[in-house]
1. Which Cys residues of the chain have no other Cys Cβ less than 4.7 Å away and so no disulfide-compatible partner by this rule?
2. Quick one: angle between helix 103-117 and the longest Cα principal axis of the chain, in degrees between 0 and 90, rounded to 10, please.
3. Counting pairs of Cα atoms in region 330-419, how many percent are more than 18 Å apart?
4. Per residue of region 345-362, in order, report the coupling 6.51 cos²θ - 1.76 cosθ + 1.60 (Karplus, θ = phi - 60°) as ³J(HN,Hα) in whole Hz, putting x for Gly and Pro.
5. How big is region 66-158 on each of its three principal axes, counting only the C-alpha atoms and giving the largest first in Å?
6. At 25 °C and 0.890 mPa s, what whole-number value in µm²/s does Stokes-Einstein give for the translational diffusion of region 2-231, with Rh from the Kirkwood sum over Cα pairs?
7. Rounded to whole Å and sorted largest first, list the principal axis extents of the Cα atoms in region 249-343.
8. Measuring from a point 7 Å past the Cα of ARG34 along Cα-to-C-beta, which residues in region 104-121 have an amide N at less than 15 Å?
Amino acid sequence: MNMNQQEGRVLRSLEGPAWDLVAYAKTGGYEAWRKCVADSKPQEIVEEIKRSGLRGRGGAGFPTGVKWDKVLNHRVKERYFVCNAGEHEPGTFKDRHLLKHAPHQLIEGCLIASYTVGAKASFLYVNHEYHEEQENLQKALAQAREKGYIGKNVFGSGRDLDLEVFSGQGSYVAGEETAMLESMQGRPAMPRQKPPFYPTDFGLYGKPTLVNNVETLCNIPLILRKGASWFNEVGTEKCPGTMLFSLSGAVTRPGIYELPLGTPLRDLVERCGGGVPNGRKVKAVFPGGPAFPMVTADQLDLQMDFDSLKKAGTGLGSAGVIVVDDATCMVAKTLHFSNFFKGESCGQCPSCRMGTINLASLMTKIEAGEGTQKDLDTLLQIAGFVKGTGYCTLVTGAAVLVQSALKLFQDEFEAHIRLQRCPYQPAPVTAGSA
Ligand SMILES: Cc1cc2nc3c(=O)[nH]c(=O)nc-3n(C[C@H](O)[C@H](O)[C@H](O)COP(=O)(O)O)c2cc1C
């Protein structure tokens with residue numbers, strides 16, 4: 001995998017064996033944490049994070065300082081902190097990289113978050129398939145404990161603060177924060193109804209809980225060490241800082257690229273990714289993974305940030321950018337992701353359970369050349385009906401995927417119906433042909 005540090009803020013600190021505590025400390029690691037424990041008031045930390053304008057990197061882009069403030073100033077004093085390293089979305093792999101190569105940076109971010117909101121206990125919820133990353137994290141935690149950076153009597157301050165690794169439940173939905181919290185309490189990983197059950201009010205054990213993504217937390221030590229104005233000198237006014245883009249699909253150099261938010265999609269695909277290989281062209285791009293509408297080749301100048309993509313009718317999500325070339329059947333591609341959503345629905349909400357099954361089965365029928373014009377109407381009817389109806393956004397993702405494919409590539413759907421086969425597959429050999 002190519003690790004191209006285009007902007008190199010979060011990733012720059014990974015130069016050298018960054019998972020080693022000594023190497024990390026040499027680059028200023030744990031300085032921010034030491035300062036917090038020594039002389040920072042939690043509200044001052046929150047204000048600095050607010051000034052930075054940092055927005056969550058886990059998908060929703062929610063302002064991090066606002067969330068911290070809510071938990072810090074909650075009337076209920078028993079609070080929890082959870083780092084979300086569930087990462088299960090197709091095309092997103094940046095948290096894995098941070099877990100593997102920057103565990104101390106992440107641990108430092110977690111300690112600061114946990115200290116700031118006054119958490120009673122703190123956890124790292126990690127994708128159960130990330131074995132090596134979990135091992136690394138345990139090693140790094142042991143190193144930090146040995147040095148007295150975490151555990152009992154941190155930096156001789158009389159404070160106790162520890163972090164525990166929790167191996168994840170192993171599904172996409174389990175990364176949704178309320179489903180994650182449910183699973184951590186030994187229950188099925190099913191999302192809670194929101195409102196009212198937002199984790200900041202009703203989290204782990206029903207208590208206020210701060211949940212943040214790995215990348216969000218890796219930005220925290222840098223912001224506190226270098227200052228909010230250093231952080232927001234790149235990016236856009238409303239979406240400051242850099243983002244780690246996981247670039248995959250039809251590009252010459254797939255990998256993780258750290259770029260300022262607001263960078264044109266073309267820069268990512270062409271300059272960083274080296275463009276589409278084999279003389280092919282871009283046909284479509286999923287700018288925020290399969291749960292947000294696709295964009296087409298004429299939209300490569302779109303700015304990659306939460307607000308610009310929302311304005312363009314799509315979204316950034318966790319910046320899992322998937323490029324599709326012009327040799328690809330868009331019906332087959334859509335079917336692939338429809339099957340993903342069907343397989344990952346937890347089944348709790350009837351509209352999601354049935355909606356994802358029905359969308360995937362109609363897509364299967366059309367890709368097999370057995371669809372009718374009426375099936376296209378039914379697809380749109382189901383998508384419109386189920387969109388926005390679940391306790392989480394999985395079913396909305398499944399619906400907008402199909403809506404966007406039909407809007408942008410209706411001709412391909414119609415060709416499948418007309419030819420009664422996939423036009424991208426070789427035509428069947430008929431009797432009598434040589
Ligand atoms: C189906 C689904 C899966 C999700 N998976 C993840 C995940 O793996 N990691 C993550 O950080 N956020 C995930 N989220 C978003 C979380 O619910 C939550 O918004 C995020 O962890 C908050 O952290 P942030 O504010 O730092 O972005 C997912 C959301 C949905 C709807």
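1. CYS36, CYS83, CYS110, CYS218, CYS239, CYS272, CYS329, CYS346, CYS392, CYS422
2. 70 degrees
3. The calculated P(r) of region 330-419 puts 34 percent of pairs beyond 18 Å.
4. For region 345-362, the Karplus-derived couplings read 4, 7, x, 5, 8, x, 5, 6, 4, 7, x, 5, 5, 5, 4, 5, 6, 5 Hz, x marking Gly and Pro.
5. Taking the Cα atoms of region 66-158, the three principal extents are 39, 31, 18 Å.
6. In µm²/s, the coefficient rounds to 141.
7. So the extents along the principal axes, rounded to whole Å, are 33, 31, 23.
8. Within reach of a label on ARG34, which here means backbone N under 15 Å from a point 7 Å along Cα→Cβ, region 104-121 contributes 108.
The values are calculated or read from the model by the stated rules, or taken from the named source; none is laboratory data. Predicted model only: the values in this text are computed from it and were never measured. Please note: Cβ atoms are built from the backbone with ideal geometry, for glycine as well, and neighbour counts cover all protein chains shown. Side chains included, ligands, DNA and RNA excluded: accessible areas come from the protein's heavy atoms. Shrake-Rupley method; radii C 1.70, N 1.55, O 1.52, S 1.80 Å.
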